[in-house]
Every structure is written in C-alpha cells, then in structure tokens.
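Here's the structure we're looking at; comments come further down.
Bear in mind these aren't lab numbers, they're just calculated from the coordinates by the rules spelled out. On a predicted model such as this, the values are computed, not experimentally measured, just so you know. Heads up, the Cβs are rebuilt from the backbone with ideal geometry, glycines too, and the neighbour counts pull from every protein chain shown.
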C-alpha cells in the first residue's frame, strides 16, 4: 500500500519513526558491486534490494543518482525502475529522492517531470537553479513533490561560480534567498548544501529558516559530522537529509556487504544523533 502525502510530511514522519537524518545514496556503480551479485540477472536492483532491506529502519530517505543507471542504457533504467517500485511497495513510508540534477527550459522540463514523477514516481528530485523560476515551474507546481535546488554543493570546485559576488554577496546566498522568498510558494522546496563547507551551510541556514537541506559530502567526500550537524540543524533539531553513498553501500565487497552497510548506517545515524 502506497502512502500519498507531501514529501515534507512523509520525510518528517520517517525522521521521527526511525530517529534518523541519514539518507543512503544508492549510487550503485556496476563496477563496484560485489562479484557474487554481478552474476544475477538484475545485479544493480538485487544489490539495492539487499542494501534497502538491511537499512530500512535506520534511514530517513534513499537517494538514487541516475547516472549510475543511465550508464548501462536500457538495462540500467529498468533496474532503476525496479528499485523505485520495490521501495514504493515494500517500504512506502520511506521517501525516494532522484538525484538527476535537472534544469532546462520549461517545455523540456515538462518531459523530465513526467519521467521522474509520473513514470518513476519518485518523491523528490534535485534541480539546477541556473535557468530561473520560470523554467523550473513544471517541477515547482507539483505541490506534493520535493524540489531540491542546488545551492552550495559539496564538490571541490563549487566556489568557481557559487562564490562569485553579486552586489557584494556570494551567488549561493542569492540562490538561497530566491528559493526561500520567491520559489517556495507551494512549500515544497528544499536546498542542496554540502557538508564539506560547514561555514557556508551555517550561512544558508540563517537565510532558510526551518527549510530542509539535502546534505551530501559525508563519508567518502570527507565532511565532518559534528560540524555539519551543528551548522545545519533547524529550530526543530532536524531539517537535514544527510547523505552517504560509497561509505555505506561499498563498505564491503564480500558476501556480508549488506550487514556492513547496516553497521555503517547505524554508526552514522548514532553519530549524527549525538549532536542533535
């Protein structure tokens, strides 16, 4: 039985139920999947299914980066669909984020919306702000879906554009203000703010109030858990979806990979909760 409610309500409910701000990133790079799983008919899906079953009571969301599925063509897209269908049917209370980083002119976005929200039926998607509100309207108009706007990303070269000054203010702050003050008319906007830049995370929190952030960069990218949590929590001691991908799903390449994934997820959840 599927759960029909807004993305934020669904997220708030699972955060409370699982006492978790951890999002497991199912960035299931085929080359890194354990050999024993590669031999199966749908290895990415079977790998994901094992990770999901092992961690479902420790997370607040699952995030799937489409690149790792698109890389395998039709077979990969099918395994992406199988994974989302499995999650919706088996664990309907857990939000599904599609990390697709879409952002194009409006009529093109109509097609992306249909694929992401109507065909795959994801709960939320990551979006580029560069083309402005008008272009992103097909996403923003979906009141029940989460629109996660890139603001201050976790990669090393993020500052090349995001730190550029506009009227004396860095561009990422301009983006944050636009999202908060103008784009969030349906209360379905979130922002991506990386764990690798805790100072900037704190600055965006000042602008965003209690808005939820998707926070990549913990684990393999080196983000500091304590600094991240203290900089990013909102007034409700939540407001963060803290993502870890490689550090959890590829913690082991042996037959116990799912058990190791559970161990790493619990470890991260408990560490985050220490600072809440």
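What's the FRET efficiency of residue 81 with residue 186 using the Cβ-Cβ distance as r and R₀ = 41 Å, to the nearest 0.05? For residue 81 and residue 186, the calculated efficiency is 0.95. Between residue 89 and residue 36, how many nm apart are label points set 7 Å from Cα along the C-beta direction? Those two pseudo-labels are separated by 2.5 nm. Net length available on complete extension from residue 71 to residue 143 is 22.8 nm, with 0.36 nm assigned per residue and the Cα-Cα distance removed. Annotation for residue 199 and residue 160: the two label points, set 7 Å from Cα along the Cα-Cβ direction, are 2.2 nm apart.
Within segment 9-49, find all residues whose amide N lies under 18 Å from a label point positioned 7 Å from the Cα of residue 234 along Cα-to-beta-carbon. In segment 9-49, the label zone of residue 234 (backbone N under 18 Å from the point 7 Å along Cα→Cβ) covers 9-23. When a/c is below 1.5 the answer is rounded, else prolate if a/b is larger than b/c, else oblate, so apply that to segment 81-193 with a ≥ b ≥ c taken from the square roots of the Cα gyration tensor eigenvalues. Prolate, because a/c is 1.5 or more and a/b exceeds b/c. Panel order for 252, 235, 245, by other beta carbons found within 10 Å of each beta carbon, from fewest to most: 235, 252, 245.
Just to confirm my numbers, what's the Cα centroid distance between segment 14-39 and segment 204-276 in Å? Using only Cα atoms to place each centre, the spacing works out to 13 Å. Using 0.36 nm per residue and subtracting the Cα-Cα separation, the extra length available between residue 226 and residue 110 on full extension is 37.8 nm.
Which of the three applies to segment 135-276, rounded, prolate or oblate, going by the alpha-carbon gyration tensor with a ≥ b ≥ c and a/c under 1.5 meaning rounded? Prolate, because a/c is 1.5 or more and a/b exceeds b/c. Dividing the radius of gyration of the alpha carbons in segment 172-235 by their Kirkwood radius gives 0.98 for Rg/Rh.
Which percentage, to the nearest 5, of the DSSP beta bridges contained in segment 142-219 is antiparallel? Of the beta bridges lying entirely in segment 142-219, close to 20 percent run antiparallel. Taking the DSSP beta bridges with both ends in segment 7-274, the antiparallel portion is around 5 percent. Note on residue 118 and residue 210: the extension gain reaches 30.3 nm, defined as 0.36 nm multiplied by sequence separation minus the Cα-Cα distance.
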